[in-house]
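J.: Starting off with a structure, shown below.
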Amino acid sequence: MTTAIVGVGNIGRAVARHLVAGGESVVLAAKGESRAQALAEELGPLAQAASVEAAISGADAVVFAVWLDTMRELITADANLLAGKVVIDPSNPIGFDASGQMSRTLPEGESAGSVVAALLPAGAHYVKAFGTLGADALAASARRDPLAVLFYATDDETAERTAVRLIRAAGFEPWKAGGVAAAGRIEAPSGDLHQYGFNGEVVDLARARSATAGSGA
Ligand SMILES: NC(=O)c1ccc[n+]([C@@H]2O[C@H](COP(=O)([O-])OP(=O)(O)OC[C@H]3O[C@@H](n4cnc5c(N)ncnc54)[C@H](OP(=O)(O)O)[C@@H]3O)[C@@H](O)[C@H]2O)c1
């Protein structure tokens, strides 16, 4: 099984590093190939670099570790490559103004997950995952004792199996927030199951269970 990671910024780098540490093969792609190439060399034989299209074509699952607007563009451009693939979306509907102030980029109540899922071609398997911690916490929290939870949201069994496997391989405990309708709960800036919703705390399974108890997750 090979996972393409498109985008090797804060999130893509951390996911790639954790997956390789867990024995997973990754193919890295970014806007320019040089950063992907440099990271692949640093991570060793389980990591390769490729163009976005080649990375998607050769992978079973694709983590789009890019900003939401970029993801919209890439999914539209590469829709023909995504049928049959598991598409993993860590995006948050946030942007930053010139002074660094964060704001929501979608109307209240509309999740990035619902936007991305609706763009995918038939036959793609969608899951929201790997975005519930800030990048620094994600980078620092793998393989803790007790394990840190990464929440995910999906309506698709194939996507769920893959997300659970990859979250475990990355050194975290997977915990389902619900279907795509629950994606907003695990997105910043206002999701109650995002790290921000726990006031910055990186939660373990006991805390995740109680936070989702009664919600049908
Ligand atoms: N940062 C966080 O704390 C955090 C936490 C949770 C979720 N997220 C979500 O994760 C996603 C990525 O965030 P980030 O902080 O990792 O962003 P980032 O550090 O800015 O990295 C973005 C990456 O996207 C790549 N990229 C841009 N345009 C592209 C294109 N057309 N084709 C292929 N790759 C392209 C860039 O390539 P180059 O390297 O070549 O420029 C870069 O590697 C966002 O949706 C964000 O909402 C972020």
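J.: Please say if region 60-112 is rounded, prolate or oblate, where rounded means a/c under 1.5 for a ≥ b ≥ c the square roots of the C-alpha gyration tensor eigenvalues, and otherwise the choice is prolate for a/b larger than b/c and oblate otherwise? Present the calculation step by step, with values, prior to reporting the outcome.
T.: Working: a/c = 2.56, a/b = 2.23, b/c = 1.15.
Since a/c reaches 1.5 and a/b is larger than b/c, the shape of region 60-112 is classed as prolate.
J.: With all protein chains present, how much of the accessible area of region 1-81 (probe radius 1.4 Å) comes from carbon and sulfur, to the nearest whole percent?
T.: Summing carbon and sulfur atoms, their accessible area is 50 percent of the total for region 1-81.
J.: Next up: What is the antiparallel percent of DSSP beta bridges lying wholly in region 19-159, to the nearest 5? It would help to have the intermediate numbers written out before the result.
T.: Working: 4 of 14 bridges.
Of all bridge pairs located within region 19-159, approximately 30 percent are antiparallel.
J.: State whether region 29-130 is rounded, prolate or oblate according to the following rule on the C-alpha gyration tensor (a ≥ b ≥ c being the square roots of its eigenvalues): a/c under 1.5 gives rounded; otherwise a/b larger than b/c gives prolate, and the remaining case gives oblate.
T.: Oblate.
J.: Using a 1.4 Å probe, what is the accessible area per residue for region 102-217, in Å²?
T.: Solvent-accessible surface per residue comes out at 42 Å².
J.: For ALA213 paired with ASP192, estimate the spin-label separation in nm (one decimal), with each label point 7 Å from Cα along the Cα-to-Cβ line.
T.: It is 1.4 nm.
J.: Could you work out how far apart the two model spin labels at MET1 and LEU205 are, taking each label as a point 7 Å from the Cα in the direction of the beta carbon, and quote it in nm?
T.: 1.8 nm
J.: Projecting each Cα onto the charge dipole of the chain (Lys/Arg +1, Asp/Glu -1 at the beta carbon, about the Cα centre), which of VAL203, ALA129, ALA159 comes out farthest on the positive side?
T.: Highest projection toward the positive end goes to VAL203.
J.: Suppose all protein chains stay in the model; what accessible area per residue would a 1.4 Å probe give for region 34-87, in Å²?
T.: Heavy-atom SASA per residue in region 34-87 reads 48 Å².
J.: Between beta-carbons, use under 11 Å as the cut-off and find the net charge around GLY113, counting Lys and Arg +1, Asp and Glu -1.
T.: Charge balance in the 11 Å sphere: -2.
J.: Could you give the nm distance between label points at GLU53 and ARG168, where each point is 7 Å from its Cα heading toward the beta carbon?
T.: Spacing of the two 7 Å Cα→Cβ label points: 3.7 nm.
J.: Taking R0 as 30 Å, what FRET efficiency do you get between SER99 and ASP136 from their Cβ-Cβ distance, rounded to the nearest 0.05? Write down the numbers at each step before the final one.
T.: On the way: r = 21 Å, r/R0 = 0.70.
Plugging the Cβ-Cβ distance into 1/(1 + (r/R0)^6) gives 0.90.
J.: Okay, moving on. Round to the nearest 10 and report in Å² the accessible area of ARG17, as given by a 1.4 Å probe over the protein chains' heavy atoms.
T.: 90 Å²
J.: Report, in whole Å, the centroid distance computed from the Cα atoms of region 1-62 and region 95-172.
T.: Value for the Cα centre distance between the two parts: 17 Å.
J.: At 1.4 Å probe size, with the rest of the protein present, what percent of the exposed accessible area of region 113-216 is carbon and sulfur atoms?
T.: Percent of accessible area from carbon and sulfur atoms in region 113-216: 50.
J.: If a/c stays under 1.5 just call it rounded; otherwise compare a/b with b/c (prolate if a/b is bigger, oblate if not). Do that for the chain, with a ≥ b ≥ c from the square roots of the Cα gyration tensor eigenvalues.
T.: Values: a/c = 1.37, a/b = 1.22, b/c = 1.12.
Rounded shape, in that the Cα axes give a/c under 1.5.
J.: Further question: For the chain, what does -39500 (n - 2.57) per DSSP helix run (n ≥ 4), summed and divided by total residues, give at 222 nm, in deg cm²/dmol to the nearest 500? List each step's numbers first, then the result.
T.: Values: 9 runs with 78 residues, N = 217.
-10000 deg cm²/dmol, from helical runs alone.
J.: Cut-off under 19 Å on the C-alpha distance; same-chain residues fewer than 8 positions from LYS85 excluded. Which aspartates and glutamates are left, in chain and number order?
T.: Within the straight-line cut-off, LYS85 pairs with GLU24, GLU53, ASP60, GLU73, ASP155, ASP156, GLU157, GLU160.
The values are calculated or read from the model by the stated rules, or taken from the named source; none is laboratory data. Owing to the predicted nature of the structure, the values given are computational and were not obtained by experimental measurement. Counting neighbours? That spans all protein chains shown, and the Cβs are built from the backbone with ideal geometry, glycine included. Only protein heavy atoms, including side chains, enter the accessible area calculation; ligands, DNA and RNA are left aside. Shrake-Rupley method; radii C 1.70, N 1.55, O 1.52, S 1.80 Å.
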